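Before anything else, here's the structure in question.
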Amino acid sequence: MARNKIALIGAGQIGGTLALLAGLKDLGDVVLFDIVDGVPQGKALDIAEAAPVEGFDATYAGASDYSAIQGADVVIVTAGVPRKPGMSRDDLIGINLKVMQAVGEGIKTYAPDAFVICITNPLDAMVWALQKFSGLPTNKIVGMAGVLDSARFRHFLAEEFKVSVEDVTAFVLGGHGDDMVPLTRYSTVAGVPLTDLVKLGWTTQEKLDAMVDRTRKGGGEIVNLLKTGSAFYAPAASAIAMAESYLRDKKRVLPCAAYLDGQYGVKGMFIGVPIVIGANGVERVLEVTFDAAEKAMFEKSVASVTSLIDACKGVDSNLA
Ligand code: A3D
């Protein structure tokens, strides 16, 4: 049986980490693509030389020509510019929209049957634009944000409760911005909702609120610490979990920026909701019920993403 092919568009901090994780998890052969000549080739060779030590058989190639992604099963897009301290995700729109156009055309020509995962910020708007530029069916393209935001929340919760991260589940929905929606009612320790754990005295409402706030600002916390660039280990691990669910038809239920066609009262845009990822791409959208406060938070988040999309339409009239 032929190995799967994974194309990574953008061979920067996240791209390189994705390439290593794809090998360690035996997901398939890897092509790294970047406009900076030498970087994808150098990272590909470096990781290929790690393969004998780690014992995986994937082949690695670096390229600066889109023909190299021909026939890819999965394409993960990180091409673009990351945030610097003081920059919001929205500041990135002008630059990264042009990048999405080039990437979309490359995918349309060489990998129209791939399952595409977009990571480039501002995420919910860039995945929307990438779908337009690539013409991919809406079940074959998603944005990575919710798995990362949920993982950050899970990490904070596991630390607070002093329990294994394995037993902490968390759902963070909405757009990947500071008004994302961490749903405490649907987040649990071994099935026990956080709201019950407050009643049991495992934590206080104040501490829980602080963890929710820290999750919302989780990306910025790392940007401020690193000073150059943004988080890359956890974002890469999150996208790999999504790719693995597609390639191995695992049908995991993961929060991702998915195209909504009326679900959650939203039509024609991508926003973070729980979805089932299997061999057919986005196989189902899980529609959870919100209480009044959650609904208000979700609607605020939808409004932020709508304004990002309007900003994209303002920059590129072909998108309007
Ligand atoms: P970085 O290390 O700068 O890598 C980006 C790479 O893209 C660089 O190697 C560039 O040379 C390359 N690139 C630029 N333009 C093009 C182009 N037109 N075609 C191909 N490659 C190009 O950044 P990074 O890997 O740290 O982050 C990548 C993106 O992910 C940024 O937009 C970040 O803001 C975003 N990001 C998103 C999340 C989410 O949770 C959604 C988290 C972290 C980072």
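The values are calculated or read from the model by the stated rules, or taken from the named source; none is laboratory data. Only a predicted model underlies this, so the values are computations on that prediction, with no experimental measurement involved. Note: ideal-geometry Cβ built from the backbone for every residue, glycine included; neighbour counts use all protein chains shown.
In the range 52-73, what residues are closer than 14 Å to GLY16 by Cα and more than 11 Å from the ligand (Cβ to nearest atom)?
Residues satisfying the conditions are TYR60, ALA61, GLY62.
Go through the range 1-53 residue by residue and tally those that are of a type in the set (Asp, Glu) and either closer than 23 Å to TYR246 by Cβ or touching a Pro at 6+ places or on another chain (Cβ under 7 Å) (or both).
Residues meeting the conditions: 3.
Could you please tell me which pairs satisfy a Cβ distance under 6 Å, a separation of 6+ or placement on different chains, a first residue in the range 46-75 that is within 18 Å of ASN4 (Cα to Cα), and a second residue that is among the charged types (D, E, K, R)?
Once the first residue is within 18 Å of ASN4 (Cα to Cα) and sits in the range 46-75, its partners that are among the charged types (D, E, K, R) give PHE56/ASP26; ALA58/ASP29; THR59/ASP29; ALA72/LYS5; ASP73/LYS5.
Just checking, does the range 172-190 include any residue being on the phi > 0 side of the Ramachandran plot, surrounded by 24 or more Cβ atoms within 10 Å (Cβ to Cβ) and within 14 Å of the ligand (Cβ to nearest atom)?
Checking the range 172-190: at least one residue is on the phi > 0 side of the Ramachandran plot, surrounded by 24 or more Cβ atoms within 10 Å (Cβ to Cβ) and within 14 Å of the ligand (Cβ to nearest atom).
How many of the residues making up the range 222-233 are at pLDDT 95 or above and more than 12 Å from the ligand (Cβ to nearest atom)?
1
Look at the range 32-53 and say how many of its residues are part of a helix (DSSP H, G or I) and surrounded by 11 or more Cβ atoms within 10 Å (Cβ to Cβ).
12
Going residue by residue through the range 74-83, is there one that turns out to be at positive phi and either within 13 Å of the ligand (Cβ to nearest atom) or in contact with a helix residue (DSSP H, G or I) (Cβ under 8 Å, 6 or more places away or on another chain) (or both)?
yes
Are there any pairs, at least 6 apart or on different chains, whose C-beta atoms fall under 9 Å, with the first in the range 1-25 and over 19 Å from GLU49 (Cα atoms) and outside any strand (DSSP E or B) and the second within 11 Å of the ligand (Cβ to nearest atom) and of a type in the set (Asp, Glu), and if so, which?
Qualifying pairs under 9 Å: GLY10/ASP34.
For the range 9-27, give me each residue that is crowded, with 21+ Cβ neighbours inside 10 Å and on the phi > 0 side of the Ramachandran plot.
GLY10
Does the range 2-25 contain at least one residue that is away from the ligand (no atom under 16 Å from the Cβ) and more than 23 Å from the chain's Cα centre (by Cα)?
Among the residues of the range 2-25, at least one is away from the ligand (no atom under 16 Å from the Cβ) and more than 23 Å from the chain's Cα centre (by Cα), which makes the answer yes.
Let me ask another. Residues ALA129, ALA125, ALA151, ALA114: which one is more than 14 Å from the ligand (Cβ to nearest atom) and either in contact (Cβ under 8 Å) with a residue 12 or more places away in the chain or closer than 19 Å to ALA320 by Cβ (or both)?
Result of the check over ALA129, ALA125, ALA151, ALA114: ALA114.
Here is a follow-up. Among the candidates VAL288, VAL305, single out the residue that is buried (at least 20 other Cβ atoms within 10 Å of the Cβ) and farther than 30 Å from LYS5 by Cβ.
VAL305 is the lone residue from the list that is buried (at least 20 other Cβ atoms within 10 Å of the Cβ) and farther than 30 Å from LYS5 by Cβ.
Which numbered condition trips up LYS98, out of (1) assigned to a helix (DSSP H, G or I); (2) within 13 Å of the ligand (Cβ to nearest atom); (3) in contact (Cβ under 8 Å) with a residue 40 or more places away in the chain?
The failed condition is (3).
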